[in-house]
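S.K.: Before I ask anything, let me first share the structure, which is written out below as C-alpha coordinates.
The values are calculated or read from the model by the stated rules, or taken from the named source; none is laboratory data. This structure is a prediction, so every number in the text was calculated from the model and none was measured. Virtual Cβ from ideal backbone geometry, glycine too; neighbours counted across all protein chains shown. Only protein heavy atoms, including side chains, enter the accessible area calculation; ligands, DNA and RNA are left aside. Shrake-Rupley method; radii C 1.70, N 1.55, O 1.52, S 1.80 Å.
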Amino acid sequence: MTEDLEVELISDGAGLAVIGEERAVEMFLTSQGLEGRDLGIQRLGKAFGGGSAALQAGSEIAANSGRWMKLTEESWKAAQHLPKVTNSTSGHVHATLRAPNGQFAKNLQFLKSPGAMLTNPAMLAGAAGLMAQLAMQQTMDEITDYLAVIDAKVDAVLRAQKDAVLADMIGVELILEEAMTVRTEVGRVSEITWSKVQGTSMTVARTQAYALRQLDALAERLESTAKIGDLAEAAKAAEKQAQEWLAVLAHCFSLQEAIGVLELDRVLDSSPDELDRHRIALRTARAKRLTLISQSTGQLMSRLDSAASAANSKVLLHPTMSPAVVRSSNEVAGAVTEFDARLGIERERDSVETKRWKHAAVETRDSMIKAGTEGIDVAARVGGEAFDHAKGVASKLSGQLAGGLKRIRRESSKDGER
(Lines give C-alpha, C1' and ligand atoms only; values in the text may rest on other atoms or scores of the structure.)
Protein backbone atom coordinates (compact mmCIF):
# COMPACT_ATOMS: atom_id res chain seq x y z
CA MET A 1 0.00 0.00 0.00
CA THR A 2 1.22 3.47 -0.88
CA GLU A 3 1.99 5.58 2.18
CA ASP A 4 0.08 8.74 3.00
CA LEU A 5 1.72 11.98 1.87
CA GLU A 6 1.46 15.17 3.90
CA VAL A 7 2.10 18.82 3.06
CA GLU A 8 1.70 22.03 5.03
CA LEU A 9 0.34 25.16 3.34
CA ILE A 10 0.98 28.75 4.42
CA SER A 11 -0.57 31.81 2.77
CA ASP A 12 0.28 35.40 3.69
CA GLY A 13 -2.06 37.05 1.18
CA ALA A 14 0.73 37.68 -1.34
CA GLY A 15 2.14 34.18 -1.79
CA LEU A 16 1.55 30.51 -1.06
CA ALA A 17 4.17 28.21 0.46
CA VAL A 18 3.95 24.42 0.29
CA ILE A 19 6.13 22.53 2.77
CA GLY A 20 6.68 18.80 3.18
CA GLU A 21 8.72 15.92 1.85
CA GLU A 22 10.11 16.81 -1.55
CA ARG A 23 8.09 14.11 -3.32
CA ALA A 24 4.88 15.19 -1.58
CA VAL A 25 5.45 18.87 -2.45
CA GLU A 26 6.12 18.08 -6.10
CA MET A 27 3.06 15.84 -6.33
CA PHE A 28 0.85 18.51 -4.79
CA LEU A 29 2.09 21.21 -7.17
CA THR A 30 1.70 18.92 -10.16
CA SER A 31 -1.85 18.00 -9.13
CA GLN A 32 -2.76 21.70 -8.96
CA GLY A 33 -0.88 22.67 -12.13
CA LEU A 34 1.46 25.02 -10.25
CA GLU A 35 5.15 25.87 -10.34
CA GLY A 36 7.11 27.40 -7.50
CA ARG A 37 10.47 28.67 -6.37
CA ASP A 38 12.59 26.91 -3.80
CA LEU A 39 11.64 28.34 -0.40
CA GLY A 40 15.08 27.67 1.07
CA ILE A 41 13.58 25.99 4.11
CA GLN A 42 16.91 24.42 5.06
CA ARG A 43 18.22 27.83 6.12
CA LEU A 44 15.83 27.83 9.08
CA GLY A 45 17.48 24.75 10.56
CA LYS A 46 20.78 26.62 10.75
CA ALA A 47 19.24 29.82 12.08
CA PHE A 48 17.01 28.30 14.77
CA GLY A 49 19.17 25.35 15.80
CA GLY A 50 21.22 24.94 18.93
CA GLY A 51 18.98 24.47 21.95
CA SER A 52 16.06 26.73 20.97
CA ALA A 53 12.47 25.57 20.96
CA ALA A 54 12.75 25.17 17.23
CA LEU A 55 15.11 22.25 17.71
CA GLN A 56 12.06 20.04 18.13
CA ALA A 57 11.30 20.55 14.48
CA GLY A 58 14.94 20.30 13.36
CA SER A 59 14.63 16.78 12.05
CA GLU A 60 11.43 17.73 10.23
CA ILE A 61 13.22 20.60 8.47
CA ALA A 62 16.11 18.40 7.46
CA ALA A 63 13.73 16.00 5.73
CA ASN A 64 11.44 18.64 4.24
CA SER A 65 11.35 20.77 1.14
CA GLY A 66 9.47 23.96 0.45
CA ARG A 67 8.19 25.75 -2.64
CA TRP A 68 6.77 29.25 -2.95
CA MET A 69 4.62 30.88 -5.59
CA LYS A 70 2.98 34.26 -6.02
CA LEU A 71 -0.76 34.25 -5.52
CA THR A 72 -1.97 34.38 -9.10
CA GLU A 73 -5.42 33.29 -10.22
CA GLU A 74 -4.21 29.68 -10.50
CA SER A 75 -2.41 29.51 -7.17
CA TRP A 76 -5.29 31.31 -5.48
CA LYS A 77 -7.59 28.47 -6.48
CA ALA A 78 -5.26 26.09 -4.67
CA ALA A 79 -5.19 28.42 -1.68
CA GLN A 80 -8.98 28.27 -1.52
CA HIS A 81 -8.59 24.70 -0.26
CA LEU A 82 -7.21 26.19 2.95
CA PRO A 83 -9.56 26.05 5.91
CA LYS A 84 -10.13 29.30 7.76
CA VAL A 85 -7.37 28.78 10.30
CA THR A 86 -5.57 32.03 11.04
CA ASN A 87 -2.49 32.49 13.18
CA SER A 88 -3.29 35.06 15.85
CA THR A 89 0.24 36.51 15.80
CA SER A 90 1.17 36.63 12.11
CA GLY A 91 -2.30 36.79 10.60
CA HIS A 92 -1.34 34.06 8.12
CA VAL A 93 -3.71 31.37 6.94
CA HIS A 94 -2.33 27.85 7.20
CA ALA A 95 -3.31 24.21 7.17
CA THR A 96 -1.94 20.70 6.91
CA LEU A 97 -3.21 18.46 4.11
CA ARG A 98 -2.94 14.69 3.83
CA ALA A 99 -3.54 12.71 0.66
CA PRO A 100 -4.39 9.08 1.39
CA ASN A 101 -2.45 6.60 -0.73
CA GLY A 102 -0.28 9.38 -2.11
CA GLN A 103 -2.95 10.82 -4.42
CA PHE A 104 -3.09 14.60 -4.17
CA ALA A 105 -5.44 15.07 -7.09
CA LYS A 106 -8.29 13.51 -5.10
CA ASN A 107 -9.46 13.05 -1.53
CA LEU A 108 -7.51 15.87 0.12
CA GLN A 109 -7.98 15.74 3.89
CA PHE A 110 -7.33 18.44 6.47
CA LEU A 111 -5.56 17.13 9.54
CA LYS A 112 -6.95 18.12 12.92
CA SER A 113 -3.44 18.23 14.33
CA PRO A 114 -1.13 20.57 12.37
CA GLY A 115 2.37 19.60 11.31
CA ALA A 116 5.67 20.49 12.96
CA MET A 117 6.08 23.79 11.11
CA LEU A 118 2.68 25.13 12.06
CA THR A 119 2.95 24.26 15.77
CA ASN A 120 6.32 25.99 16.13
CA PRO A 121 6.04 29.82 16.28
CA ALA A 122 9.72 30.34 15.48
CA MET A 123 9.59 28.12 12.42
CA LEU A 124 6.35 29.70 11.22
CA ALA A 125 7.90 33.17 11.58
CA GLY A 126 10.99 31.95 9.75
CA ALA A 127 8.90 30.60 6.90
CA ALA A 128 7.07 33.93 6.69
CA GLY A 129 10.42 35.71 6.41
CA LEU A 130 11.51 33.44 3.56
CA MET A 131 8.19 34.03 1.81
CA ALA A 132 8.64 37.79 2.12
CA GLN A 133 12.09 37.55 0.52
CA LEU A 134 10.78 35.56 -2.41
CA ALA A 135 7.92 38.03 -2.91
CA MET A 136 10.49 40.85 -3.06
CA GLN A 137 12.59 38.95 -5.57
CA GLN A 138 9.47 38.30 -7.66
CA THR A 139 8.80 42.06 -7.73
CA MET A 140 12.41 42.70 -8.74
CA ASP A 141 12.05 40.25 -11.63
CA GLU A 142 8.84 41.91 -12.80
CA ILE A 143 10.45 45.37 -12.67
CA THR A 144 13.42 44.04 -14.63
CA ASP A 145 11.00 42.82 -17.32
CA TYR A 146 9.28 46.21 -17.32
CA LEU A 147 12.57 48.08 -17.69
CA ALA A 148 13.67 45.77 -20.50
CA VAL A 149 10.58 46.76 -22.49
CA ILE A 150 11.04 50.52 -22.07
CA ASP A 151 14.85 50.52 -21.86
CA ALA A 152 15.32 51.78 -25.41
CA LYS A 153 13.33 54.90 -24.55
CA VAL A 154 14.86 55.75 -21.18
CA ASP A 155 18.40 54.39 -21.18
CA ALA A 156 19.75 57.70 -22.42
CA VAL A 157 18.83 59.56 -19.24
CA LEU A 158 20.68 57.01 -17.10
CA ARG A 159 23.71 56.83 -19.36
CA ALA A 160 23.99 60.59 -19.64
CA GLN A 161 24.09 60.93 -15.84
CA LYS A 162 22.97 64.54 -16.02
CA ASP A 163 22.43 64.66 -12.28
CA ALA A 164 24.76 63.51 -9.54
CA VAL A 165 21.86 61.81 -7.75
CA LEU A 166 21.34 59.49 -10.73
CA ALA A 167 25.04 58.68 -10.88
CA ASP A 168 24.88 57.74 -7.17
CA MET A 169 21.90 55.48 -7.80
CA ILE A 170 23.74 53.65 -10.60
CA GLY A 171 26.67 53.11 -8.23
CA VAL A 172 24.36 51.66 -5.57
CA GLU A 173 22.78 49.41 -8.19
CA LEU A 174 26.18 47.90 -8.98
CA ILE A 175 26.91 47.32 -5.27
CA LEU A 176 23.56 45.62 -4.66
CA GLU A 177 23.86 43.43 -7.76
CA GLU A 178 27.21 42.22 -6.48
CA ALA A 179 25.78 41.55 -3.00
CA MET A 180 22.85 39.57 -4.42
CA THR A 181 25.24 37.53 -6.55
CA VAL A 182 27.42 36.71 -3.54
CA ARG A 183 24.31 35.83 -1.51
CA THR A 184 23.20 33.37 -4.19
CA GLU A 185 26.60 31.70 -4.29
CA VAL A 186 27.29 31.64 -0.53
CA GLY A 187 23.72 31.15 0.71
CA ARG A 188 23.83 33.96 3.25
CA VAL A 189 24.83 37.59 3.78
CA SER A 190 28.18 37.77 5.51
CA GLU A 191 29.46 40.63 7.63
CA ILE A 192 31.72 41.74 4.79
CA THR A 193 28.87 41.79 2.25
CA TRP A 194 26.58 43.61 4.65
CA SER A 195 29.21 46.29 5.35
CA LYS A 196 29.22 47.14 1.64
CA VAL A 197 25.47 47.65 1.36
CA GLN A 198 24.59 48.97 4.80
CA GLY A 199 24.45 52.64 3.81
CA THR A 200 22.90 52.33 0.38
CA SER A 201 19.27 52.85 1.43
CA MET A 202 19.81 56.59 1.98
CA THR A 203 21.09 57.06 -1.57
CA VAL A 204 18.15 55.16 -3.04
CA ALA A 205 15.66 57.15 -0.93
CA ARG A 206 17.24 60.42 -2.07
CA THR A 207 16.98 59.36 -5.72
CA GLN A 208 13.36 58.33 -5.27
CA ALA A 209 12.49 61.70 -3.71
CA TYR A 210 14.24 63.49 -6.58
CA ALA A 211 12.33 61.53 -9.23
CA LEU A 212 9.01 62.16 -7.46
CA ARG A 213 9.75 65.90 -7.42
CA GLN A 214 10.39 65.79 -11.17
CA LEU A 215 7.01 64.14 -11.77
CA ASP A 216 5.33 66.70 -9.52
CA ALA A 217 7.00 69.49 -11.51
CA LEU A 218 5.57 68.08 -14.75
CA ALA A 219 2.10 67.99 -13.20
CA GLU A 220 2.40 71.56 -11.90
CA ARG A 221 3.49 72.85 -15.30
CA LEU A 222 0.47 71.24 -16.95
CA GLU A 223 -1.80 72.78 -14.33
CA SER A 224 -0.39 76.31 -14.58
CA THR A 225 -0.34 76.50 -18.40
CA ALA A 226 -3.34 78.19 -20.03
CA LYS A 227 -2.35 79.01 -23.61
CA ILE A 228 -2.89 76.11 -25.97
CA GLY A 229 0.55 76.52 -27.56
CA ASP A 230 2.29 76.38 -24.19
CA LEU A 231 0.07 73.47 -23.15
CA ALA A 232 1.05 71.50 -26.25
CA GLU A 233 4.72 72.12 -25.45
CA ALA A 234 4.27 71.07 -21.82
CA ALA A 235 2.39 67.91 -22.80
CA LYS A 236 5.08 66.97 -25.33
CA ALA A 237 7.81 67.45 -22.73
CA ALA A 238 5.83 65.35 -20.25
CA GLU A 239 5.51 62.58 -22.83
CA LYS A 240 9.30 62.18 -22.90
CA GLN A 241 10.32 63.10 -19.38
CA ALA A 242 7.61 61.24 -17.46
CA GLN A 243 8.72 57.90 -18.93
CA GLU A 244 12.30 58.62 -17.89
CA TRP A 245 11.43 59.47 -14.30
CA LEU A 246 9.07 56.52 -14.01
CA ALA A 247 12.01 54.32 -15.04
CA VAL A 248 14.16 55.90 -12.33
CA LEU A 249 11.41 55.22 -9.78
CA ALA A 250 11.19 51.60 -10.97
CA HIS A 251 14.95 51.21 -10.50
CA CYS A 252 14.66 52.68 -6.99
CA PHE A 253 11.81 50.37 -6.01
CA SER A 254 13.72 47.32 -7.25
CA LEU A 255 16.81 48.38 -5.29
CA GLN A 256 14.73 48.87 -2.14
CA GLU A 257 13.36 45.34 -2.55
CA ALA A 258 16.94 44.04 -2.87
CA ILE A 259 17.94 45.86 0.31
CA GLY A 260 14.95 44.27 2.06
CA VAL A 261 16.03 40.78 0.96
CA LEU A 262 19.53 41.37 2.30
CA GLU A 263 18.21 42.85 5.55
CA LEU A 264 16.05 39.81 6.27
CA ASP A 265 19.02 37.54 5.63
CA ARG A 266 21.11 39.55 8.05
CA VAL A 267 18.42 39.47 10.75
CA LEU A 268 17.92 35.73 10.21
CA ASP A 269 21.62 35.20 10.88
CA SER A 270 22.12 37.63 13.74
CA SER A 271 18.75 37.96 15.52
CA PRO A 272 16.33 35.27 14.30
CA ASP A 273 13.86 36.02 17.09
CA GLU A 274 13.34 39.49 15.56
CA LEU A 275 12.78 38.19 12.04
CA ASP A 276 8.98 38.42 12.04
CA ARG A 277 8.94 41.93 13.54
CA HIS A 278 11.47 43.09 10.99
CA ARG A 279 9.46 41.52 8.18
CA ILE A 280 6.32 43.37 9.30
CA ALA A 281 8.26 46.64 9.58
CA LEU A 282 9.57 46.25 6.03
CA ARG A 283 6.05 45.56 4.78
CA THR A 284 4.81 48.76 6.47
CA ALA A 285 7.64 50.82 5.00
CA ARG A 286 6.94 49.36 1.56
CA ALA A 287 3.26 50.31 1.81
CA LYS A 288 4.22 53.89 2.67
CA ARG A 289 6.53 54.08 -0.34
CA LEU A 290 3.75 52.85 -2.58
CA THR A 291 1.36 55.46 -1.16
CA LEU A 292 3.89 58.22 -1.82
CA ILE A 293 4.45 57.07 -5.39
CA SER A 294 0.73 56.62 -5.99
CA GLN A 295 0.04 60.20 -4.89
CA SER A 296 2.53 61.62 -7.41
CA THR A 297 1.44 59.45 -10.33
CA GLY A 298 -2.22 60.08 -9.47
CA GLN A 299 -1.66 63.83 -9.45
CA LEU A 300 0.07 63.63 -12.83
CA MET A 301 -2.84 61.59 -14.26
CA SER A 302 -5.34 64.18 -12.99
CA ARG A 303 -3.42 67.05 -14.62
CA LEU A 304 -3.19 65.09 -17.88
CA ASP A 305 -6.96 64.58 -17.95
CA SER A 306 -7.52 68.29 -17.32
CA ALA A 307 -5.05 69.22 -20.08
CA ALA A 308 -6.74 66.88 -22.56
CA SER A 309 -10.18 68.25 -21.68
CA ALA A 310 -8.99 71.84 -22.03
CA ALA A 311 -7.38 71.05 -25.40
CA ASN A 312 -10.55 69.43 -26.72
CA SER A 313 -12.53 72.53 -25.80
CA LYS A 314 -10.25 74.65 -28.02
CA VAL A 315 -9.93 72.37 -31.03
CA LEU A 316 -11.99 74.69 -33.28
CA LEU A 317 -9.47 77.51 -32.93
CA HIS A 318 -6.42 75.21 -32.71
CA PRO A 319 -7.11 72.19 -34.95
CA THR A 320 -3.47 71.01 -34.90
CA MET A 321 -2.21 71.71 -31.39
CA SER A 322 -5.30 70.52 -29.49
CA PRO A 323 -5.17 66.91 -30.81
CA ALA A 324 -1.42 66.88 -30.11
CA VAL A 325 -2.07 67.68 -26.45
CA VAL A 326 -4.62 64.85 -26.19
CA ARG A 327 -2.27 62.35 -27.85
CA SER A 328 0.63 63.28 -25.55
CA SER A 329 -1.64 63.08 -22.50
CA ASN A 330 -2.81 59.61 -23.47
CA GLU A 331 0.77 58.45 -24.07
CA VAL A 332 1.90 59.60 -20.63
CA ALA A 333 -1.22 58.19 -18.96
CA GLY A 334 -0.57 54.82 -20.59
CA ALA A 335 3.01 54.82 -19.29
CA VAL A 336 1.85 55.72 -15.78
CA THR A 337 -0.80 52.99 -15.80
CA GLU A 338 1.76 50.37 -16.87
CA PHE A 339 4.20 51.53 -14.19
CA ASP A 340 1.54 51.47 -11.46
CA ALA A 341 0.50 47.95 -12.48
CA ARG A 342 4.06 46.66 -12.15
CA LEU A 343 4.23 47.99 -8.60
CA GLY A 344 0.81 46.65 -7.66
CA ILE A 345 -0.91 50.06 -7.60
CA GLU A 346 -4.46 49.65 -8.85
CA ARG A 347 -5.67 52.49 -11.03
CA GLU A 348 -8.08 52.68 -13.94
CA ARG A 349 -8.31 55.38 -16.61
CA ASP A 350 -10.05 55.52 -19.97
CA SER A 351 -8.19 57.22 -22.79
CA VAL A 352 -9.48 60.67 -23.69
CA GLU A 353 -10.72 60.76 -27.27
CA THR A 354 -9.42 63.52 -29.52
CA LYS A 355 -12.25 65.77 -30.59
CA ARG A 356 -12.20 66.22 -34.37
CA TRP A 357 -12.38 69.72 -35.81
CA LYS A 358 -15.49 68.88 -37.87
CA HIS A 359 -17.24 67.56 -34.78
CA ALA A 360 -16.32 70.69 -32.84
CA ALA A 361 -17.54 72.86 -35.72
CA VAL A 362 -20.89 71.05 -35.81
CA GLU A 363 -21.21 71.42 -32.03
CA THR A 364 -20.42 75.12 -32.30
CA ARG A 365 -22.88 75.59 -35.17
CA ASP A 366 -25.62 73.78 -33.26
CA SER A 367 -24.84 75.82 -30.17
CA MET A 368 -24.99 79.07 -32.14
CA ILE A 369 -28.25 78.05 -33.83
CA LYS A 370 -29.74 77.19 -30.49
CA ALA A 371 -28.51 80.45 -29.01
CA GLY A 372 -29.81 82.36 -32.08
CA THR A 373 -33.20 80.73 -31.92
CA GLU A 374 -33.49 81.55 -28.26
CA GLY A 375 -32.43 85.12 -29.09
CA ILE A 376 -35.12 85.46 -31.76
CA ASP A 377 -37.74 84.16 -29.38
CA VAL A 378 -36.65 86.64 -26.76
CA ALA A 379 -36.61 89.47 -29.30
CA ALA A 380 -40.08 88.55 -30.56
CA ARG A 381 -41.41 88.37 -27.04
CA VAL A 382 -39.82 91.65 -26.03
CA GLY A 383 -40.95 93.25 -29.31
CA GLY A 384 -44.51 92.12 -28.82
CA GLU A 385 -44.55 93.44 -25.32
CA ALA A 386 -43.10 96.75 -26.52
CA PHE A 387 -45.71 96.98 -29.31
CA ASP A 388 -48.55 96.37 -26.92
CA HIS A 389 -47.14 98.96 -24.57
CA ALA A 390 -46.71 101.51 -27.40
CA LYS A 391 -50.22 100.80 -28.65
CA GLY A 392 -51.61 101.48 -25.21
CA VAL A 393 -49.67 104.70 -24.91
CA ALA A 394 -50.83 105.84 -28.37
CA SER A 395 -54.43 105.05 -27.52
CA LYS A 396 -54.15 107.01 -24.31
CA LEU A 397 -52.57 109.96 -26.10
CA SER A 398 -55.22 109.81 -28.83
CA GLY A 399 -57.94 109.94 -26.21
CA GLN A 400 -56.31 112.83 -24.47
CA LEU A 401 -55.91 114.70 -27.78
CA ALA A 402 -59.56 114.12 -28.74
CA GLY A 403 -60.68 115.38 -25.37
CA GLY A 404 -58.52 118.46 -25.76
CA LEU A 405 -59.96 119.26 -29.19
CA LYS A 406 -63.52 118.99 -27.84
CA ARG A 407 -62.67 121.43 -25.07
CA ILE A 408 -61.18 123.83 -27.61
CA ARG A 409 -64.31 123.67 -29.78
CA ARG A 410 -66.57 124.31 -26.81
CA GLU A 411 -64.51 127.28 -25.78
CA SER A 412 -64.54 128.63 -29.34
CA SER A 413 -68.34 128.30 -29.54
CA LYS A 414 -68.78 130.20 -26.33
CA ASP A 415 -66.50 133.02 -27.62
CA GLY A 416 -68.59 133.25 -30.88
CA GLU A 417 -71.80 133.63 -28.98
CA ARG A 418 -70.36 136.41 -27.04
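S.K.: Ignoring ligands and nucleic acids, what accessible area does GLU173 show with a 1.4 Å probe (Å², nearest 10)?
M.R.: So the heavy atoms of GLU173 present about 40 Å² to solvent.
S.K.: Against the empirical 2.2 N^0.38 Å scaling, what ratio does the C-alpha Rg of the stretch 143-290 come to?
M.R.: Details: Rg = 18.3 Å, N = 148, 2.2 N^0.38 = 14.7 Å.
Its radius of gyration relative to the 2.2 N^0.38 Å reference: 1.25.
S.K.: Among ALA226, LEU282, GLN243, whose Cα lies farthest out toward the positive end of the dipole of the stretch 167-297, if unit charges sit on the beta carbon of Lys, Arg (+1) and Asp, Glu (-1)?
M.R.: Highest projection toward the positive end goes to ALA226.
S.K.: So what's the net charge close to ALA219: Lys and Arg +1, Asp and Glu -1, counting the other residues with Cβ under 14 Å from its Cβ?
M.R.: On the way: positive: ARG213, ARG221, ARG303; negative: ASP216, GLU220, GLU223, GLU239, ASP305.
So the environment of ALA219 carries a net charge of -2.
S.K.: Separation of the stretch 15-37 and the stretch 232-247 by C-alpha centroid, Å?
M.R.: Their Cα centres are 45 Å away from one another.
S.K.: Could you please put HIS251, HIS278 in sequence from largest to smallest accessible area, using a 1.4 Å probe?
M.R.: HIS278, HIS251
S.K.: Given a 1.4 Å probe and the protein chains all in place, what does the accessible area of VAL182 round to, in Å² to the nearest 10?
M.R.: 50
S.K.: Enter the accessible area of ARG188 (Å², nearest 10), with the probe set to 1.4 Å and all protein chains included.
M.R.: Answer for ARG188: close to 100 Å² accessible.
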